[in-house]
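The values are calculated or read from the model by the stated rules, or taken from the named source; none is laboratory data. Predicted model only: the values in this text are computed from it and were never measured. Ideal geometry is used to build each Cβ from the backbone, glycine not excepted, and the neighbour counts take in all protein chains shown.
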């Protein structure tokens, strides 16, 4: 069995401290600071991660993230917070959808992928006669 882990994370406490300070300061700027913090944290996570032994990068634009957060925060306000149960997984999905391999490298097959389903059996075909039948008259 392959001992290489599918996902590796190699950040240090010092680099996290910087990310924590920046995101804590930006949290005081509603919406604009939150979008910056969201991208900043996800870039840090991606830059310190390896997937299948390959580097990954987070590629979400600030404007795109700002729009994403605006729409979802508006829904949070309208629903009086109930939308949080949809917003949390949606934000993880948003971040995951914007992570890609650096330089377009293709991933190795994941070791945790389920096996392919067997193809359904085909109906037996009648044998093919190479010579056509002759008609006697």
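Quick notes
- Selected residue (only one of 80, 69, 21 is at pLDDT 95 or above, surrounded by 14 or more Cβ atoms within 10 Å (Cβ to Cβ) and over 16 Å from the mean Cα position of the chain (by Cα)): 69
- Cβ pairs under 6 Å, 6+ apart, first in segment 65-81 and without any contact (Cβ under 8 Å) to a residue 40 or more places away in the chain, second part of a loop (DSSP other than H, G, I, E, B): 75/83; 76/83
- Any chance residue 21 is closer than 19 Å to residue 99 by Cα and assigned to a helix (DSSP H, G or I): no
- Any pair with Cβ under 7 angstrom, 6 or more apart, that starts in segment 1-15 at a residue that is at positive phi and surrounded by fewer than 10 Cβ atoms within 10 Å (Cβ to Cβ) and ends at one that is modelled with pLDDT of 75 or more and assigned to a helix (DSSP H, G or I): none
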